[in-house]
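The values are calculated or read from the model by the stated rules, or taken from the named source; none is laboratory data. The structure displayed is predicted, hence computed values, not measured ones. As a convention, Cβ positions derive from the backbone with ideal geometry for all residues, glycine included, and neighbour counts pool all protein chains shown.
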Amino acid sequence: MTSPSGNGQQGAANNETSTFKQLLATEVRIPPNPDLLATLAVKDYQALYDEAASDLEGFWDKIARGFTWVKPWERVVEGQAPKTRWFTGGQLNITTNCLDRHAHGSRANKQALLWVGEDGEERTYTFSELLALTCQIANGLKSLGVKKGDRVCIYLPLTPEGVATMLACARLGAIHSVVYAGLGSGALRARIEDAQAHVVVTADVGYRRGKAINLKAIVDEAVAGLDIVEKVVVYRRATPAIPLNSSREIDFYELCSNQPTTCEAEVMESEDPLFTLYTSGSTGAPKGCMYVHGGYMVGTAYYIKLAFDLKEDDIYWCMSDIGWIVGHTAMVYGPWANGTTILVREGAPDYPDPGIVWATIEKYGVTKLFTAPTTLRMFMKFGPQYPKAHNIESLRLVICAGEPLNPEAYLWAKEHIGNGKLTICDNWWQTETAAPTVGTLPCMEVRVGRAGKAFPGYTVRVLDRVGQPAEPHHGGLLVIEGAWPQMFRTIWGNEERYLEYWKTFPPYYTAGDVAT
């Protein structure tokens with residue numbers, strides 16, 4: 001399947017098919033790397049896909065049994081899309097699976113997080129230390145009255161405090177709403193109002209390309225006159241510390257640093273809300289996609305492990321931000337549900353110099369890299385001298401998602417990043433699907449310019465403008481049949497807008513992207 005492109009549902013169907021025909025005429029196919037293939041957990045895509053297709057409930061039941069549950073589920077799935085419920089009757093908390101089962105087991109002293117600031121500052125956390133930090137933040141939020149079902153808006157830069165605050169909310173059963181700390185005050189205010197968030201957690205500044213970005217001023221403007229916001233918690237990084245001059249403002253570490261390092265995880269029903277994440281879509285007001293503890297945990301942990309072939313000894317770097325679904329799924333919840341060591345770097349990928357990415361991979365021995373095609377094209381623009389100046393032999397796999405990966409960027413990266421040996425896999429997914437959906441697994445032949453095939457557990461089709469299967473090599477609308485565990489459950493406060501995704505070609509979910 002070609003990499004879909006987000007052009008809006010009906011507009012996408014009107015795209016010319018000449019692009020597809022041209023692609024097919026010049027298609028390059030690359031077999032899987034035999035050295036990597038020998039080490040993969042999944043060596044046969046089709047066998048796994050057929051297994052899932054033949055018994056979907058049994059497939060997900062088996063996967064879900066690999067996690068820690070307070071109470072096992074009674075039914076794997078109930079209902080039909082768009083109103084499905086997964087692992088009903090089951091009770092859990094996603095943070096127990098991301099933190100406690102590692103911290104209280106053999107991974108207690110394994111590094112969970114390697115954090116690097118743009119200026120080179122380093123901080124590391126084992127799973128035990130990350131659990132302790134999460135519990136302190138959770139206890140701090142609890143002291144402010146935050147409880148199960150409350151919404152907390154997180155407007156933080158890419159720091160350990162950012163990811164731990166997400167986990168702290170989940171631990172309390174509060175619903176976190178992370179807003180990318182690059183959006184302006186108007187967008188932030190709209191999201192706070194829509195979620196009815198009583199607490200906002202922010203920082204004084206974020207850093208990008210050597211400049212301090214005044215996040216606190218943006219928050220001040222966003223919450224001015226907004227009575228629903230009772231507390232603004234500020235992580236103060238700059239020296240001297242900015243004054244907190246409002247009765248509703250409180251310092252992050254004054255709130256959290258003296259709190260106990262244990263906090264019992266709230267017992268959640270499988271379908272209880274975990275977080276909302278706002279996506280603007282192509283038009284209209286932002287949509288608060290809502291996700292739940294049980295299905296989101298099982299689905300994201302599985303698909304991230306599958307698509308990235310995560311191993312116990314991996315050092316995995318996700319070059320995204322917590323403000324996007326990739327940051328939730330492929331940086332925080334998915335990897336840590338698998339006990340993976342992740343590297344997180346705040347700042348631009350070309351600052352302080354165009355070689356910083358390769359220097360970082362060399363220094364920390366990064367084995368898996370998740371990035372966007374835009375970033376690969378940026379590397380291509382800078383030239384091959386930068387990756388060649390560093391020993392990056394530790395890097396075994398690069399995964400791309402975010403927009404179509406064009407053949408030129410793919411072939412350049414294949415030659416110059418990995419000397420022809422590196423495996424590069426394209427993925428397609430959306431905020432709403434919440435995890436890799438269509439893609440190329442490391443065991444599969446790469447068809448350059450194509451995203452790949454539907455991953456096991458999905459049934460994906462391409463339909464023409466009247467809802468019939470599109471002919472081979474012709475463009476059409478990408479649709480998904482049925483349901484998947486980690487899918488969004490509703491649009492916060494707007495059920496009708498949620499149901500619209502299934503109204504173009506019932507009973508299919510229509511992605512709004514074109515494919516062939």
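Total residues in the range 250-265 satisfying the condition of being charged (D, E, K, R) and crowded, with 19+ Cβ neighbours inside 10 Å: the figure is 0.
Scan the range 193-200 and tell me whether some residue there is within 18 Å of GLY347 (Cα to Cα) and outside the structural domain of VAL332 (by TED's automatic domain parsing). The answer is no, given that none of the residues of the range 193-200 is within 18 Å of GLY347 (Cα to Cα) and outside the structural domain of VAL332 (by TED's automatic domain parsing). For the range 464-510, taking the residues that are over 30 Å from GLY58 (Cβ atoms) and polar (S, T, N, Q), the one that is nearest to the chain's Cα centre (by Cα) is identified as ASN494.
Flag: ALA164 matches the condition of being free of Cβ contacts under 8 Å to residues at least 40 places away in the same chain and not polar (S, T, N, Q).
In the range 94-129, how many residues are among the aliphatic types (A, V, I, L, M), assigned to a loop (DSSP other than H, G, I, E, B) and in contact (Cβ under 8 Å) with a residue 40 or more places away in the chain? Adding up the residues that qualify gives 0. Taking the range 464-501 as the range and being closer than 23 Å to THR329 by Cβ, hydrophobic (A, V, I, L, M, F, W, C) and out of contact with any strand residue (DSSP E or B) (no Cβ under 6 Å at 6 or more places or on another chain) as the test, the residues that pass are ALA483, TRP484, MET487. Identify all residues within the range 127-170 that are under 17 Å from the mean Cα position of the chain (by Cα), within 17 Å of PHE275 (Cβ to Cβ) and of a type in the set (Val, Ile, Thr); write none if there are none. Scanning the range 127-170 gives ILE154, VAL163, THR165. Are any of the residues in the range 153-161 buried (at least 24 other Cβ atoms within 10 Å of the Cβ), aromatic (Phe, Trp, Tyr) and at pLDDT 95 or above? Checked against the condition, which is being buried (at least 24 other Cβ atoms within 10 Å of the Cβ), aromatic (Phe, Trp, Tyr) and at pLDDT 95 or above, the range 153-161 yields at least one hit. Scanning the range 384-425 for residues that are within 18 Å of LEU37 (Cβ to Cβ) and crowded, with 19+ Cβ neighbours inside 10 Å yields LEU395, ARG396, LEU397, VAL398, ILE399, LYS414, GLY418, LEU422, THR423, ILE424, CYS425. Could you grab the pairs with beta carbons closer than 9 Å, sequence gap of 6+ or different chains, first residue in the range 219-237 and without any contact (Cβ under 8 Å) to a residue 40 or more places away in the chain, second one in a strand (DSSP E or B) and of a type in the set (S, T, N, Q)? Cβ pairs passing all conditions: VAL232/THR202; VAL234/THR202. Considering the range 280-322, and only residues there that are of a type in the set (S, T, N, Q) and either more than 13 Å from the chain's Cα centre (by Cα) or closer than 29 Å to ARG75 by Cα (or both), the residue that is surrounded by the fewest Cβ atoms within 10 Å (Cβ to Cβ) turns out to be THR283. As for the range 318-325, it holds at least one residue that is under 19 Å from ASP272 (Cα atoms) and either in contact (Cβ under 8 Å) with a residue 24 or more places away in the chain or not assigned by TED's automatic domain parsing to the domain that holds GLY365 (or both). I need the strands (runs of 3 or more DSSP E) fully contained in the range 305-387, keeping only those with at least 1 residues that are in contact with an Asp or Glu (Cβ under 8 Å, 6 or more places away or on another chain) and not hydrophobic (A, V, I, L, M, F, W, C). The qualifying strands (runs of 3 or more DSSP E) are 341-345, 368-371. Only one of the listed residues (ALA241, ALA265) is farther than 23 Å from VAL77 by Cα and in contact (Cβ under 8 Å) with a residue 40 or more places away in the chain. That residue is ALA265. Can you tell me which residues in the range 419-463 are within 25 Å of GLU57 (Cβ to Cβ) and of a type in the set (D, E, K, R)? GLU432, LYS453, ARG461, listed by residue number.
Taking first residues from the range 350-361 that are at pLDDT 95 or above and partners that are surrounded by fewer than 19 Cβ atoms within 10 Å (Cβ to Cβ) and not in a loop (DSSP other than H, G, I, E, B), the Cβ contacts under 7 Å between residues at least 6 apart in sequence or on separate chains come to ASP350/MET378; PRO354/PHE382. If you go through the range 327-341 and pick out every residue that is under 20 Å from SER280 (Cβ atoms) and either without any contact (Cβ under 8 Å) to a residue 12 or more places away in the chain or buried (at least 24 other Cβ atoms within 10 Å of the Cβ) (or both), you end up with 2. Checking each residue in the range 379-435 for being touching a residue at least 60 places away in the same chain (Cβ under 8 Å), over 30 Å from MET290 (Cβ atoms) and either hydroxyl-bearing (Ser, Thr, Tyr) or outside the structural domain of LYS363 (by TED's automatic domain parsing) (or both) picks out SER394, THR423. Collect the residues in the range 223-257 that are touching a Cys at 6+ places or on another chain (Cβ under 9 Å) and farther than 25 Å from ALA132 by Cβ, keeping them in residue-number order. Within the range 223-257, just VAL229 meets the criteria.
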